[in-house]
1. If you split all Cα-Cα distances of the range 7-246 into 5 Å bins from zero, what percentages do you get per bin, shortest first?
2. Counting alpha carbon pairs within less than 8 Å and at least 6 residues apart, what relative contact order, in whole percent, applies to the range 7-246?
3. How many angstrom lie between the Cα centre of the range 134-195 and the Cα centre of the range 1-66?
4. Hey, what D do you get for the range 1-87 in µm²/s if you plug the Kirkwood alpha-carbon radius into Stokes-Einstein at 10 °C and 1.306 mPa s?
5. Restricting to DSSP H runs of at least four residues, report the calculated mean residue ellipticity at 222 nm for the chain, -39500 (n - 2.57) per run over all residues, nearest 500 deg cm²/dmol.
6. Only four residue types carry charge here, +1 at the Cβ of Lys and Arg and -1 at the Cβ of Asp and Glu. Report the dipole size of the chain about the Cα centre in Debye, rounded to the nearest 20.
7. Within the range 7-246, how many Lys pairs sit with Cα atoms under 26 Å apart, leaving out pairs fewer than 8 places apart on the same chain?
8. Assuming R0 = 30 Å, can you tell me the calculated FRET efficiency for the pair N50 and D73, based on Cβ-Cβ distance, to the nearest 0.05?
Amino acid sequence: MNFQELRGKVALVTGGAQGIGASLVKSLATLGVKVAVIDYNEEKLRSHVNGLIEQGHEVFAFPADVGDSNAIDAVVEKVENEIGPIEMLVNVAGTLATGPVESFTDRDWARIFSINTTGVFYVSRAASRYMIQRKAGSIVTVGSNAASVPRISMAAYAASKAATVMFTKCLGLELAEHNIRCNIVSPGSTDTDMQRSMWSDDHGAEVMIKGMTETYKVGIPLKKIAQPDNIVDAILFFLSNQSSHITMSNLVVDGGATLGAS
């Protein structure tokens, strides 16, 4: 697909310092998009952004926690005033903590929802206020296939992503009259630092592909772990005019791991 129509536009990407977010920022920058990047990890953020700037791309770093509404409002205002009108927003920022419900901590539960759910609300609210004025925009939220299939020791993460999927659909319904589209891309197992943090050894990918009957997790029918670029391609589709009549949709990119559940 040709995404050259995105050239010159302004995109805001959260969680853009690593994993899927970093791959997306690089792809957008390569396409000639002006990319404002939010991430709480300032060191990784500036390293990634500076590398792209050295290559001649227009990328801007904004260290911030998406769970801080005041900080997010300030970043969005600064982007609008100093870089340009935000025409595209991609909510990628996410965090993971695993463990059985009976021993899961209040702090971990609150942090997961602060980033995975409340953060999506804060950033989407701030950006959509400007998009509404212009009657144009595309918002894409990165969900998870865990939002539609129960996972042992992942109740908080799965619940936060399920809430975020429904929030994005409701947002899409509200913003449709303003010509703003809101869609979700839900990855499965993808080769990122977050995914690798759940692997106990070098055979983690093999285990994910085969599945684990003891945790009621089926394998991946396509017999491979996704690469970040596989997810990026789906995001770019939703940002582009090639999906101009699609909103409130959830595209699951998991190699068939959830057997079509969405």
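1. Pair shares across the bins are 1, 7, 14, 18, 20, 16, 11, 7, 4, 1, 0.
2. 18 percent.
3. 20 Å
4. 124 µm²/s
5. Helix contribution divided over all residues of the chain: -12500 deg cm²/dmol.
6. 580 debye
7. Lysine pairs satisfying the spacing and distance rule in the range 7-246 number 25.
8. 0.70
Values in this text are rule-based calculations from the coordinates and carry no lab data. Treat the numbers as computed from the prediction; the structure is a model and nothing was measured. We place every Cβ from the backbone using ideal geometry, glycine too, and count neighbours over all the protein chains shown.
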